[in-house]
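The values are calculated or read from the model by the stated rules, or taken from the named source; none is laboratory data. As the structure is a computational prediction, the values presented were derived from the model and not from experiment. Because the Cβ atoms are built from the backbone with ideal geometry, glycine has one as well, and the counts that use them run over all protein chains shown.
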Amino acid sequence: MKRIIVTGGAGFIGSNFVHWVAEHQPGVHLTVLDKLTYAGNRANLAGVPDERLTFVEGDICDAALVDELFSAADACVHFAAESHNDNSIADPSPVVRTNVEGTFTLLEAARKHDVRFHHISTDEVYGDLALDDPARFTEETPYRPSSPYSSTKAASDMLVRAWVRTYGVRATISNCSNNYGPYQHIEKFIPRQITNIVSGIRPKLYGDGKNVRDWIHTEDHSSAVWEILMRGEIGETYLIGADGERSNIEVLRAILSEMGCAADDFDWVRDRPGHDRRYAIDSSKLRRELGWSPVHTDFAEGLAATIAWYRDNEDWWRGAKEATEAKYAAQGQ
Ligand code: NAD
Ligand code: TDX
């Protein structure tokens, strides 16, 4: 696989994947297809050598463009999505279009041109777990999505499975837990709190702060996706996670402490409607069958590096801060 299309490669996880491949996999050429929505940023790809990368600004729902790109590709790794739950609750329309219709458009091109397809999905398709439930999600957990965002990700997973079985499309799916690291949009939990503190705004915690997310460093997500793309079994689903369960209040207190603030220096705000309580991934299939394991196993260290990145790259996020906070303020968050 020498020619790989990366959809959503100017977003958070997609751009980290492009950097990871450029650094670790010589001989691979990447074509990024990205619409550059509010969440996409061409600057996320700065530093990737020109000869390794072609950047195409465009929409994954544009069938003619997608067909042209797939006619000259060996594989596609599909990251592009409307990825934020709060936005999907405020306005589900672009979420349904990009996540469902966009995935359909890509699958049709993969079918026509026999392109290997890897679909990036989320643990949120499984709904949530109770805080005291000993269970974690596995590949066999039934789908039970809660939000407009997670329901469209579930729908796109179902399309992929149907295109494998009906048309023989060579596809795999991965469902990953919450990512953190550089280049994450400041609407998301960890970068929002870091950039709030840098800006003199108090961090904002939803509900009772006890909701649990299972954190993984985005570089570990990239290495797992690469293993699945190279050695995963067609038609299979792999869960990606790094045993990183933490409550939101625990993560916020770690940020406050690392940034020299008092433990109660934050505001409680309105909860997210339908807020999932807990996510937890059992990634033993991926570890057992493909031999993958995470490198970033020290969350405190990964968080400190992420805080340092946002402090050092204020130019990257400053322009989006006011509008992001105004949107949250209008929602009581
Ligand atoms: P992001 O919002 O940071 O980036 C999404 C990218 O997709 C942006 O560059 C945007 O411009 C692009 N895009 C959006 N609509 C498009 C369209 N119609 N055509 C072409 N490009 C379009 O998202 P992210 O957090 O990097 O998530 C990437 C993928 O990983 C998504 O599929 C998401 O569901 C999945 N995922 C995310 C997480 C997480 O913690 N962020 C966890 C598990 C899975
Ligand atoms: O200001 C905040 N305060 C707060 O308490 C924000 C923005 C969030 N939260 C809470 C809500 C969640 O319990 O923090 C948790 C994490 O929130 P998000 O960063 O919005 O992530 P989440 O909703 O868990 O979804 C993320 O992980 C799974 C990604 O955005 C999805 O794309 C991915 O599928």
Among (1) touching a helix residue (DSSP H, G or I) at 6+ places or on another chain (Cβ under 8 Å); (2) over 19 Å from Thr103 (Cα atoms); (3) within 11 Å of ligand 1 (Cβ to nearest atom), there is one condition Phe12 misses while meeting the rest; what is its number?
(2)
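From Leu53, Leu106, which residue is touching a Leu at 6+ places or on another chain (Cβ under 6 Å) and either buried (at least 18 other Cβ atoms within 10 Å of the Cβ) or free of Cβ contacts under 8 Å to residues at least 40 places away in the same chain (or both)?
Details: Leu106 fails: touching a Leu at 6+ places or on another chain (Cβ under 6 Å).
Exactly one residue qualifies, and that residue is Leu53.
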Need the failing condition index for Phe137 against (1) within 13 Å of ligand 1 (Cβ to nearest atom); (2) free of Cβ contacts under 8 Å to residues at least 60 places away in the same chain, just the number.
(2)
Pairs please, first residue from the stretch 144-156 and assigned to a loop (DSSP other than H, G, I, E, B), second anywhere and near ligand 2 (Cβ under 10 Å from one of its atoms) and among the basic types (Lys, Arg), Cβ atoms under 8 Å, 6+ apart in sequence or on different chains.
Pro145/Lys153
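I'd like the full set of residues that are in a loop (DSSP other than H, G, I, E, B) and surrounded by 20 or more Cβ atoms within 10 Å (Cβ to Cβ), limited to the stretch 157-179.
Val169, Ser177, Asn178
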Note: among Val198, Val251, just one is under 30 Å from Thr138 (Cβ atoms) and of a type in the set (A, V, I, L, M, F, W, C), namely Val251
With Asp265, Asp271 as the choices, which residue is in contact with a Leu (Cβ under 7 Å, 6 or more places away or on another chain), in contact (Cβ under 8 Å) with a residue 24 or more places away in the chain and part of a loop (DSSP other than H, G, I, E, B)?
Asp265
Taking the stretch 178-194, which residues are more than 8 Å from ligand 2 (Cβ to nearest atom) and in contact with an Asp or Glu (Cβ under 8 Å, 6 or more places away or on another chain)?
Gly181
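So that you can scan it fast, the table gives a plain yes or no per residue for (1) charged (D, E, K, R); (2) more than 16 Å from ligand 1 (Cβ to nearest atom); (3) in contact with a Ser or Thr (Cβ under 8 Å, 6 or more places away or on another chain):
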residue	(1), (2), (3)
Tyr167	no, yes, no
Arg170	yes, yes, no
Ile173	no, no, yes
Tyr180	no, no, yes
Gly209	no, yes, yes
Glu219	yes, no, no
Gly244	no, no, yes
Phe266	no, yes, no
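Residue check: is Glu301 surrounded by fewer than 13 Cβ atoms within 10 Å (Cβ to Cβ) and either within 22 Å of Tyr126 (Cα to Cα) or touching a strand residue (DSSP E or B) at 6+ places or on another chain (Cβ under 9 Å) (or both)?
Values: surrounded by fewer than 13 Cβ atoms within 10 Å (Cβ to Cβ): yes; either within 22 Å of Tyr126 (Cα to Cα) or touching a strand residue (DSSP E or B) at 6+ places or on another chain (Cβ under 9 Å) (or both): no.
Here the answer is no, as Glu301 does not meet what is asked.
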Could you identify the single residue in Leu45, Leu36, Leu30 that is buried (at least 16 other Cβ atoms within 10 Å of the Cβ), within 19 Å of Ala81 (Cβ to Cβ), within 11 Å of ligand 1 (Cβ to nearest atom) and modelled with pLDDT of 95 or more?
Leu45
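Taking the stretch 104-140 only, how many residues are in a helix (DSSP H, G or I) and touching a His at 6+ places or on another chain (Cβ under 7 Å)? Steps first, please.
First, pick out the residues of the stretch 104-140 that are in a helix (DSSP H, G or I): 104-113, 123-126.
If we keep only those that are touching a His at 6+ places or on another chain (Cβ under 7 Å) too, we end up with 106.
Here the count works out to 1.
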Residue set Phe79, Phe117, Phe70; condition more than 23 Å from His185 (Cβ to Cβ) and under 19 Å from the mean Cα position of the chain (by Cα); output residue Phe117
Filter result (in a helix (DSSP H, G or I) and away from ligand 2 (no atom under 16 Å from the Cβ)) within the stretch 195-233:
Glu219, Ser223, Trp226, Glu227, Ile228, Leu229, Met230, Arg231
Complete set of residues in the stretch 38-50 that are free of Cβ contacts under 8 Å to residues at least 60 places away in the same chain and assigned to a loop (DSSP other than H, G, I, E, B)
Gly40, Ala46, Gly47, Val48, Pro49
Residue list for the stretch 170-216, filter: over 13 Å from the mean Cα position of the chain (by Cα), among the hydrophobic types (A, V, I, L, M, F, W, C) and under 25 Å from Leu286 (Cα atoms):
Ala171, Ile173, Val212
